[in-house]
Amino acid sequence: MMMGDTFGSSFANLFFLCATIQQIFPNDLKIAINEFLISTIQQLSFFQRFSDRFINFFSPYVVITFCEYEDYRYNHAFAAIETYLGAKATDKAKHLRASQNKDSKGLVLKRDETRVQDEYEGIRVWWETETDSIGFITLKLTFHRRSRDIVTNSYIKYVVEEGKSIEDKNKKMKLFTNNPSSHWGSSKTSLWRYIDFEHPANFDTLALEPKKKEEILNDLVAFSNGKDYYKKIGKAWKRGYLLYGPPGTGKSTMIAAMANLLNYSIYDLELTAIQNNSELRKLLTATSNKSIIVIEDIDCSLVLTGNRKKKESYWTRLRKDGQQGEEEEEEDKSFVTLSGLLNFIDGIWSACGQERIIVFTTNHLAKLDPALIRRGRMDMNIELSYCTFEAFKILAKNYLDLDSHPLFEKIESLIKETKIAPADVAEKLMKKNREIDADESLEDLVQALERRKMIQRDQVDEHKDKKSYKQLKAFRMLF
Ligand SMILES: Nc1ncnc2c1ncn2[C@@H]1O[C@H](COP(=O)(O)OP(=O)(O)OP(=O)(O)O)[C@@H](O)[C@H]1O
């Protein structure tokens, strides 16, 4: 957004005075005086307001702002500039943040200050970072109007390109989690916080029937290569997967494998940390391209089962009719509803972004609102079920490096008759360490399967007994 010569920032005061100082003092002294003036003037808010108006008129400085979001769309120039300022301008910044990544030997230095000065082809510019009351960030670029051509024609382009190339070089997947909306107002708290995503899961180690695995893999790859296709058919470039199955069957592991396959970041959306649909919308539009948005255990995530108006009772409708409008608005805003979520999946918000995958997980498919699992809404419903022999063989290969073993036959027949999650099988095989050998791990698994088989048989018998007792009781009541 170009603001031209209208210039409302506190920087205006500084630059006006600086213009004179530039001519007189040597470099280091000039910078020190500049910084002193910035902090002094910013503290004098009355003076600042007054002088801003006055100097707006005469100021020789121009400000360009780059907002994190423009019309609810993520501004990709913003990300590139932030990267440039964070990494490239560290040689000019005085406050730096140091960290070390797991795989890197050296320290990573990042700028840790809200103002930074930069130079380009002999001109000097200033960047300032501002965070508004709801956590959105704006970057302000200030420069003398005589540098206008260089800044607008080549400096900004240079910064964005540099930023993008740094991003490409450092591209690391990230795992985002949303900050509670009650914290969004405080300074420096943005909507999402993140850590680097480092998870070893991949489709090779995922214990799943090969045919199903291949189908999912092909679907993901086709999606990620589908830019032109989605454009041609006029649909938003997004795909929805519903992963369902009992605990420990690999739903989270599959999401990690998807992220690793496509090199996408993960946004773990915690619905209990937000209050209403409008906050949900802000969060979703703040996600970046090439990302997987995950809502785990959607059945327990909030008021997601049908708060839609057509399902309201007669008495609720009657009460609302008597309180025209207001209450209806109030209710929509008061919590995250299924319709709020569906709006995003189907509607205009989804078209704001590109290349996004949405994954819902649940342990209880039957508890979900049919509207959510209807075909066309989720592109693929994937069942992750108890361990099959095929899946076991993948785990045995991963954990024990075994392709075959005399106990495999026994395990095959036990697995067919028993319900055991891959997580429980993995746990038995993991026991192997340098001292315990593979035979012992497999024996352990056989015993666990036999115990389960007995327990599950007893449960079936008990269920049958209850059923026949009920039938007998009903029969007696008839006669
Ligand atoms: N299909 C699988 N393939 C490989 N490993 C698996 C599989 N399922 C489970 N595991 C192992 O079990 C652990 C737990 O699995 P995971 O968290 O993915 O299950 P989940 O279905 O997401 O469980 P929940 O429903 O409780 O969240 C994983 O860390 C992984 O080691």
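Each value in this text was obtained by applying a stated rule to the coordinates, not by laboratory testing. Only a predicted model underlies this, so the values are computations on that prediction, with no experimental measurement involved. Cβ sites come from the backbone with ideal geometry, for glycine too, and all protein chains shown count toward neighbours.
Observations on the structure shown:
- Computed extension gain for ARG451 through ASP439, at 0.36 nm per residue and net of the alpha carbon distance, reaches 2.5 nm.
- Of the cross-linked pairs LYS238/LYS393; LYS171/LYS393; LYS397/LYS453; LYS232/LYS367; LYS164/LYS251, those separated by over 29 Å at the C-alpha level are LYS238/LYS393; LYS171/LYS393; LYS232/LYS367; LYS164/LYS251.
- Spin-label model, GLU383/GLU214: points 7 Å from Cα along the beta carbon direction are separated by 2.1 nm.
- A protection proxy built from the mean count of other Cβ atoms within 10 Å ranks the segments 441-447, 62-68, most packed first, as 62-68, 441-447.
- Separation of the ALA366 and GLU417 label points, Cα + 7 Å toward Cβ, nm: 2.6 nm
- Under the combined filter of DSSP loop state and at most 15 neighbouring Cβ atoms within 10 Å, segment 185-280 retains these trypsin sites (Lys or Arg not before Pro): LYS188, LYS235.
- Cα-projected label distance for PHE203 with VAL221, points at 7 Å along beta-carbon direction, nm: 0.6 nm
- Additional length obtainable on full extension of the chain from GLN354 to SER133, 0.36 nm per residue less Cα span: 76.8 nm
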